[in-house]
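Contents: one structure, followed by commentary.
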Amino acid sequence: MSTLLQKNIFQLNEETLWTAAAPGINRQLFGYDDQIMLVKVKFDKDAVGALHEHFHSQVSYVESGVFELTIGDNKKILKTGDGYYVPPHVIHGCKCLEEGILIDVFSPSREDFK
């Protein structure tokens, strides 16, 4: 297993670069090591996080906005203050109904985001 190490102990919002993840979706990588990663994901209205799966456990918090989430066979509208858990290898995705931000935590860390 490769070793991912966070370069900075503190990650300041105004100094953390946004990178394009998909049309209408941008992300900032915050703290991480091999075992855990925090990612802030900004969605434009109507942006779609395509259905996908990965071997990571994921827990997410809706910082702002409204999202239609699909996790496996379940679909639910989530809004500011809500959260969700995605087990490994479960197909999931979302549509942003009102511009917003998700805070995602992955374990282990997403090497494909670096």
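A few notes on this one:
- Restricting the stretch 3-43 to residues that are closer than 18 Å to residue 108 by Cβ and among the aliphatic types (A, V, I, L, M) leaves a set whose member that is surrounded by the most Cβ atoms within 10 Å (Cβ to Cβ) is 37.
- Restricting attention to the stretch 52-62, the residues that are within 13 Å of the chain's Cα centre (by Cα) and either of a type in the set (Phe, Trp, Tyr) or part of a strand (DSSP E or B) (or both) total 7.
- Odd one out for residue 46, checked against (1) in a loop (DSSP other than H, G, I, E, B); (2) of a type outside the set (A, V, I, L, M); (3) surrounded by fewer than 14 Cβ atoms within 10 Å (Cβ to Cβ); (4) at pLDDT below 95: (4)
The values are calculated or read from the model by the stated rules, or taken from the named source; none is laboratory data. Source: prediction; values computed, not measured. All Cβ positions, glycine included, derive from the backbone under ideal geometry; neighbour counts span all protein chains shown.
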